[in-house]
Every structure is written in structure tokens, then in C-alpha cells.
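Before we start, here is the structure in question, set down as C-alpha cells.
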Amino acid sequence: MKITIVGTGKVGSAIAFACVMNPIADELLLVNRSHEKAEGDALDLSHASALRNSNMRIRAGDIADSKDSDIIVFTASIPYGDPTRPRTELAEANYQLLCDWIPDLAQNSPNAILIIVTNPVDMLTYAAIQLSGFPPNRVVGTGTLLDSVRYRAMLSQQLEIHSDDIRAYILGEHGDTQFAAKSVAMTGGERFYDDEVKDEIFERTVGMGYKISKLKGFTNYGVAMATLLILDSVVYDLRHTMPLSVLVDGFCDVEDVCLSLPTVVGRQGITRIIHPRLSDDEQQSLRRSAAAVRRTIEQVGLA
């Protein structure tokens, strides 16, 4: 199992460290615009790996070294600047990064699973499908996975039920039009709390990423562990269901755009996209998300 991480900024380095703490690969390759930064991370992580009783090979390299990767995790991004900057403002510059990197990465690893972490993740997941030439089942974005984890964590505190036992999703755009699928949220087969409580928790969830960014200047640990959850499901063919940004297949009359829906992930990538029974309002929210992402796609000239 060979995993390549592209981009060794705060997010890419945190994902690499998560991979060392849970050594799921035989080889971990770090690729960065600054080779020195990647080399420093590789050396540091190699020493950390020795303390995990692991023989995983960790090294820095370039695109040619990524040849025959099983999984490619793309985290490269321009600097955010203002930590509360809307993700869509990164669209054009980060799309250019994908144009520079993805075709060669795909050519060197034609059978890889491609995981997009860079924002705006929905538009860039769509772009990665176009630029790589990969079938849509082998390209996913982290989407609203972390948003959903935060949502469940806060519901868990209110319900006093372990978050793993709560089935609740944030769906749609990883951005301002995301929505809580309240009509399908449940635990033990029972729907819980009234909409007012769930709305209040959802509002706190939506603002959480901005709050963390404002406090520390960026977010990295949560998205790193969310990415590791995807990696685990791919490497071990676990077939976990999680909300990820995928090419929507006509659900709720939405198509030709990437949004987060409950997605089953295994060794071959996406094995199934779940179509929950959303309320009329939630279906409309999904279409609003689709329109927002479509505008960003058109903004960079992909349409």
C-alpha cells in the first residue's frame, strides 16, 4: 500500500502524522512545492514512526516518485491569508494548482484512489474528475465529513449518547449552503429532539470551522483525522458510510456537480451513494447547494 500526500502545509503534515500514528501503508510519499519542507517532514515523521514499532517507509519526492500510488491525498493550497476568508475565494488559484499537478499524478498512478482535501472542496473534486480522467468512483472529496463529525459530537453532548451511535449528517456544499438532514437523523431507530434544538446545534456546527480558524489561524487536526477515516475505509475495504463530496447522479434532480451525500467507501473507492429520504425543504437545500457549487465551477471556466 503506497500513499502519496501532495502538499505538506499544516493540513498535509497533520494527515501524514495521523498516518504514522495509525500505520496503514507500506510507503508514505510526501510531495510539496518546497522539496526541503517535504524532506524535513519526512525525516521527522520517520523518527516518529520508529517509536510506533512500524517499518513504514517515509520519504519526500516529486511526481515521478509517486508512480503506482494506491491512494493520492491532495491538500496543496494557496495561503488562506484571512482565516475567516470564504472558501470560494480560493477557487481560481487552487484550481490552477490542480491543473498543474493532477494530470501528471494521474498519469503516474492510473489506478489510484484520489482524495481531495483542498478547498473549495466540492468544485475541486469536480475538477479533479475532469483533470485526472479517473472514473467518478475513484475521486472523492472530504466534503462535509468533518462538519458531520462536529454535529454529532454536539448532539452527543445533548443526548448523552455516544456520537458513534448517532446517525446524523450535514449534506450538500462544504460551505455556507450546507444543511443538516434533520428528517433522517436518529439513534437506535428513533428520531430525537425537536427541530429548534437541532437547528441551534447546526448553527453552531456551521460556524465551528470559522471559529477555530479565527482562534488559531487555521484548522488541521480535525480534517486530518477525517481524512484518516476515509483512508482506513479504503485500505481495509471497510465499506463505511460517510458524507463525502461525490459526483451526484441525478438525486433530487441534481447532476453534473459534486456535493456531499452519504457514501459507502471501500478498496475500489465509492461502492455506493446513498439516497436518503429527504424532506421537501432539504431537497430544496440540496438544490441550492448545487447551484452555489455550479457558480464556482463556472467561475473558474470549467462549465
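Would you be able to tell me the number of residues in the stretch 140-163 that are in a strand (DSSP E or B) and among the polar types (S, T, N, Q)? I'd like the intermediate steps shown before the answer.
We begin by selecting, within the stretch 140-163, every residue in a strand (DSSP E or B); these are 140-141.
Next, only the ones that are among the polar types (S, T, N, Q) stay: none.
Qualifying residue count, the stretch 140-163: 0.
Still on this structure, I have one more. Among the residues of the stretch 213-225, which ones are closer than 20 Å to THR177 by Cβ and either within 13 Å of the chain's Cα centre (by Cα) or not small (Gly, Ala, Ser) (or both)? Break it down into steps so the answer makes sense when it comes.
As a first pass, look at the stretch 213-225 and keep what is closer than 20 Å to THR177 by Cβ: 213, 219, 223.
Residues satisfying the conditions are THR219, VAL223.
Right, something else. If only one of ARG267, ARG272, ARG294, ARG239 is without any contact (Cβ under 8 Å) to a residue 60 or more places away in the chain and closer than 16 Å to THR125 by Cα, which one is it? Reasoning before the result, please.
On the way: ARG267 fails: closer than 16 Å to THR125 by Cα; ARG272 fails: closer than 16 Å to THR125 by Cα; ARG239 fails: closer than 16 Å to THR125 by Cα.
Every option except ARG294 fails the conditions.
Additional query: Within the stretch 31-51, identify whether any single residue is within 30 Å of GLU173 (Cβ to Cβ) and either at pLDDT 95 or above or surrounded by 22 or more Cβ atoms within 10 Å (Cβ to Cβ) (or both), and answer yes or no.
The first filter runs over the stretch 31-51 and keeps only residues within 30 Å of GLU173 (Cβ to Cβ), leaving 31-33.
Subsequent filtering for residues that are either at pLDDT 95 or above or surrounded by 22 or more Cβ atoms within 10 Å (Cβ to Cβ) (or both) retains 31-32.
Yes; the residues of the stretch 31-51 include at least one that is within 30 Å of GLU173 (Cβ to Cβ) and either at pLDDT 95 or above or surrounded by 22 or more Cβ atoms within 10 Å (Cβ to Cβ) (or both).
While we're here: What are the residue pairs meeting all of these: first residue in the stretch 197-226, first residue within 16 Å of LEU155 (Cβ to Cβ), second residue of a type in the set (Phe, Trp, Tyr) and surrounded by 13 or more Cβ atoms within 10 Å (Cβ to Cβ), Cβ atoms under 8 Å, and 6 or more apart or on different chains?
If the second residue must be of a type in the set (Phe, Trp, Tyr) and surrounded by 13 or more Cβ atoms within 10 Å (Cβ to Cβ), the pairs left are ILE201/TYR151; PHE202/TYR151; PHE202/PHE179; THR205/TYR151.
Considering each of ASP82, ASP65, ASP70, ASP100 in turn, give the residue that is of a type outside the set (A, V, I, L, M), modelled with pLDDT of 95 or more and open to solvent by 60 Å² or more (accessible area, probe 1.4 Å).
Working: ASP82 fails: modelled with pLDDT of 95 or more; ASP65 fails: open to solvent by 60 Å² or more (accessible area, probe 1.4 Å); ASP70 fails: open to solvent by 60 Å² or more (accessible area, probe 1.4 Å).
Only one candidate passes the filter, namely ASP100.
If I go through the stretch 252-267 residue by residue, how many of them are open to solvent by less than 10 Å² (accessible area, probe 1.4 Å), within 16 Å of VAL235 (Cβ to Cβ) and either out of contact with any strand residue (DSSP E or B) (no Cβ under 9 Å at 6 or more places or on another chain) or not hydrophobic (A, V, I, L, M, F, W, C) (or both)? Reasoning before the result, please.
As a first pass, look at the stretch 252-267 and keep what is open to solvent by less than 10 Å² (accessible area, probe 1.4 Å): 254, 257-263, 265-266.
So of that shortlist, the ones also within 16 Å of VAL235 (Cβ to Cβ) come out as 265-266.
Narrowing the set further to residues that are either out of contact with any strand residue (DSSP E or B) (no Cβ under 9 Å at 6 or more places or on another chain) or not hydrophobic (A, V, I, L, M, F, W, C) (or both) leaves 266.
Number of matching residues: 1.
Right, another one. With the structure loaded, tell me whether GLY141 is open to solvent by less than 10 Å² (accessible area, probe 1.4 Å), within 16 Å of the chain's Cα centre (by Cα), more than 30 Å from MET1 (Cβ to Cβ) and of a type in the set (Gly, Ala, Ser) or whether it fails that test. Quick ask: steps written out before the conclusion?
Working: open to solvent by less than 10 Å² (accessible area, probe 1.4 Å): yes; within 16 Å of the chain's Cα centre (by Cα): yes; more than 30 Å from MET1 (Cβ to Cβ): no; of a type in the set (Gly, Ala, Ser): yes.
It is false that GLY141 is open to solvent by less than 10 Å² (accessible area, probe 1.4 Å), within 16 Å of the chain's Cα centre (by Cα), more than 30 Å from MET1 (Cβ to Cβ) and of a type in the set (Gly, Ala, Ser).
The values are calculated or read from the model by the stated rules, or taken from the named source; none is laboratory data. The structure presented is a predicted model; accordingly, all values stated were derived computationally and were not measured. All Cβ positions, glycine included, derive from the backbone under ideal geometry; neighbour counts span all protein chains shown. In case anyone asks, the SASA skips ligands and DNA or RNA and just uses the protein heavy atoms, side chains included. Shrake-Rupley method; radii C 1.70, N 1.55, O 1.52, S 1.80 Å.
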